[in-house]
Structure formats: C-alpha cells, structure tokens
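Chemist: Let me begin by handing over the structure; questions about it come next.
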Amino acid sequence: MKIKVLSESLDALTYDGLALGFFSDERPPRGYCGLADWRLNGLISKLIVEGRITGAFMEKTLIFSNHRIPSSKIFLIGLGESTQLTYEKLYTAGSTISQTLSEMECADLVFDIPGSGRCNLEIPGMAVAMVSGAFDFCDRKQSDVTSGMIVLSDGNFFDEIVLGMHEFKVSVKDRIAVDILAETAPVRTV
C-alpha cells in the first residue's frame, strides 16, 4: 500500500473525489474545507447559514465543484465540535470516508486531517487515527482503495503528519507493507 502525504493547493489536486472534514463550531470552515469554501465562492458557508449542513458528527454531504476545483466531487464529513474531537471520532471518520468514496466509485482515497493544530490532540496521533480507520474499512471489505491513500497536509503540520504515517506503518507491518511518499508544495516567492 502506498500513502502519499501532500501539501498541495486545492487547485493542484486532480483527483476525482476529495473528502474534507469540518466542525460544527467553526464558522466559516477552516483548513482545507475553508479553502474549498473560498474557491467555491462561499458555497459551504452558504449551506451552513441556510441550516442545510451543520457539521454535526458523521453528517455527510456531497457537493460538486463545478470546475472551480479540479476535484469534481467534494465529500464533506461533519466532526461535531472541535473541542470534543477524539482519536476515536477521527478513526470513525476515516472509516466512513473510505466507505463513502468507495461507494462513490472514486478511484483515489484523498482526505485531509481536519483540526490539525486547532484542537488538543497530537497531530501524529490524529493522522494515525484517520488513516487506520480508512485502512481498516478497506481491509475488511478487501477494497481496491487499500492500494493507496492521499493525505492532505497544511504545510505547517506536514512533518507531524508524515511522522504519523510512519507510526501507522509500524502498527500494520505484520498485515501489509506500506510505502510513504511525502511531497511538499514548492515554495513560491513573490
């Protein structure tokens, strides 16, 4: 199995589906979900204001990017309040993301680690929990998605997420071989 950790802009992500977590107590959304909201001219914020989505734990919403982001399908998963986030909730979210993207027949499993740097959890542990949930679902269902995962990382937390991927690799070494590829976005000077 290959795990690729990327710190790319949403504009550089050319995957069919993209899973992004968001919280019920963050208005507007932050992290990759906030970037998607911005690129979609505030569509996610509008859905929140209208009460159509709330960010409640395990709330699932599919929106389409209408070519504003290269990824055509954006799967939003609610994680509840950011102050109530746990490793168990991240594990469950990872499993749900894996199941949903598989059912949507997305060729790639692409997701962020929501809340990195904004909650009281250790970032490597957050990454392990999300990837473990995604992997365990795929492993139980013998899904093709286990051939690879793409984990998105804010550049500020890149090294900690890569550390989490190495911890995951050690934890599953008896079940599957894991290759980790870490790619940071090029630094742009103005």
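The numbers here are math on the coordinates, done by the rules we state, and not lab data. Note that this is a predicted model, so its numbers are computed, not measured. Backbone-built Cβ (ideal geometry, glycine too); neighbour counts: all protein chains shown.
Chemist: So what's the net charge close to Arg175: Lys and Arg +1, Asp and Glu -1, counting the other residues with Cβ under 14 Å from its Cβ?
Modeler: Net charge in that neighbourhood comes out at 0.
Chemist: Further question on the same structure: So if each residue of separation counts as 0.36 nm, and I subtract the Cα-Cα distance between Ser9 and Ser171, what length gain in nm does that give?
Modeler: Net length gain for the segment: 55.3 nm.
Chemist: Anyone know which of Ile161, Ile53, Ile176 comes out most mobile in the 10 Å Cα GNM of the chain?
Modeler: Ile176
Chemist: OK, next. If you work out Cα Rg over 2.2 N^0.38 Å from the coordinates, which of [x] 1.20; [y] 0.95; [z] 1.05 do you get?
Modeler: Label [y] holds the value from this structure.
Chemist: Any chance you could give the angle, 0 to 90 degrees and rounded to 10, that helix 87-103 forms with the longest Cα principal axis of the chain?
Modeler: With both axes taken from Cα atoms, the answer is about 80 degrees.
Chemist: Next question, about the same structure. Considering the chain as a Gaussian network with a 10 Å cut-off on Cα pairs, which listed residue, Tyr15, Tyr91, Tyr32, attains the greatest mean-square fluctuation?
Modeler: Tyr15
Chemist: All other residues with a Cβ under 11 Å from the Cβ of Arg118 taken together, and with Lys, Arg as +1 and Asp, Glu as -1, what is their net charge?
Modeler: -2
Chemist: If you don't mind, another one. So what's the net charge close to Asp16: Lys and Arg +1, Asp and Glu -1, counting the other residues with Cβ under 12 Å from its Cβ?
Modeler: For residues surrounding Asp16, the net value is -1.
Chemist: Extending each Cα 7 Å along its Cβ direction at Thr83 and Phe64, get the distance between those two points in nm, one decimal.
Modeler: Placing both labels 7 Å along Cα→Cβ, they lie 3.9 nm apart.
Chemist: If you don't mind, another one. Report the full-extension gain for the segment Arg140 to Glu122: residue separation times 0.36 nm, less the Cα-Cα distance, to one decimal in nm.
Modeler: 3.8 nm
Chemist: Moving on to the next point. Restricting to lysines 8 or more places apart or on different chains, can you count the pairs in region 2-183 with Cα atoms under 27 Å from each other?
Modeler: 25
Chemist: Something else now. Can you sort Phe168, Phe57 from fewest to most other Cβ atoms within 10 Å of each residue's own Cβ?
Modeler: Listing Phe168, Phe57 from fewest to most nearby Cβ atoms yields Phe57, Phe168.
Chemist: Then there's this: Round to the nearest 10 and give me the degree value, 0 to 90, for the angle of helix 123-141's Cα axis relative to the longest principal axis of the chain.
Modeler: It works out to around 70 degrees.
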